[in-house]
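First up is the structure itself, then whatever we jot down about it.
The values are calculated or read from the model by the stated rules, or taken from the named source; none is laboratory data. Every value quoted in this text rests on a predicted model; they were computed, and no experiment measured them. Glycine also receives a Cβ, built like all others from the backbone with ideal geometry; neighbour counts cover every protein chain displayed. In case anyone asks, the SASA skips ligands and DNA or RNA and just uses the protein heavy atoms, side chains included. Shrake-Rupley method; radii C 1.70, N 1.55, O 1.52, S 1.80 Å.
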Amino acid sequence: MINELLFMNGYGVYVLSAFSFTLLSFTALYLVTKIQFVKEQSKFVAKFGSLNTEKANSAKSQRINKEILANATNN
């Protein structure tokens, strides 16, 4: 039973290798994206921290900055 499922009438190697490659690719893409996001987020927080009060309040009112800061405080 298990052998039939793994071999899939001769197509098992193709199907399992394609599935493995896809899973590995998605995992790598997620990790690269997550690492890049953390780098950009830390750059933003470093730059945002050096603003004076007036500029900081202006930046807080912008929609994209609100989203970034909301994510920064959650981590």
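Within the set of pairs 6+ apart or on separate chains, which have a first residue in the range 48-75 that is more than 25 Å from Ile35 (Cβ to Cβ) and modelled with pLDDT of 70 or more, a second that is part of a helix (DSSP H, G or I) and open to solvent by less than 90 Å² (accessible area, probe 1.4 Å), and C-beta atoms under 8 Å apart?
Partner pairs satisfying both residue conditions: Ala56/Phe48; Lys60/Leu69.
Within the range 9-16, is even one residue among the aliphatic types (A, V, I, L, M) and either at pLDDT 95 or above or under 30 Å from Leu69 (Cβ atoms) (or both)?
Within the range 9-16, not a single residue is among the aliphatic types (A, V, I, L, M) and either at pLDDT 95 or above or under 30 Å from Leu69 (Cβ atoms) (or both).
Okay, residues lined up against (1) over 15 Å from the mean Cα position of the chain (by Cα); (2) of a type in the set (Gly, Ala, Ser):
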site: Leu5; (1), (2): yes, no
site: Val15; (1), (2): yes, no
site: Ser20; (1), (2): yes, yes
site: Ser25; (1), (2): no, yes
site: Phe44; (1), (2): yes, no
site: Phe48; (1), (2): yes, no
site: Ser61; (1), (2): yes, yes
site: Asn65; (1), (2): yes, no
site: Leu69; (1), (2): yes, no
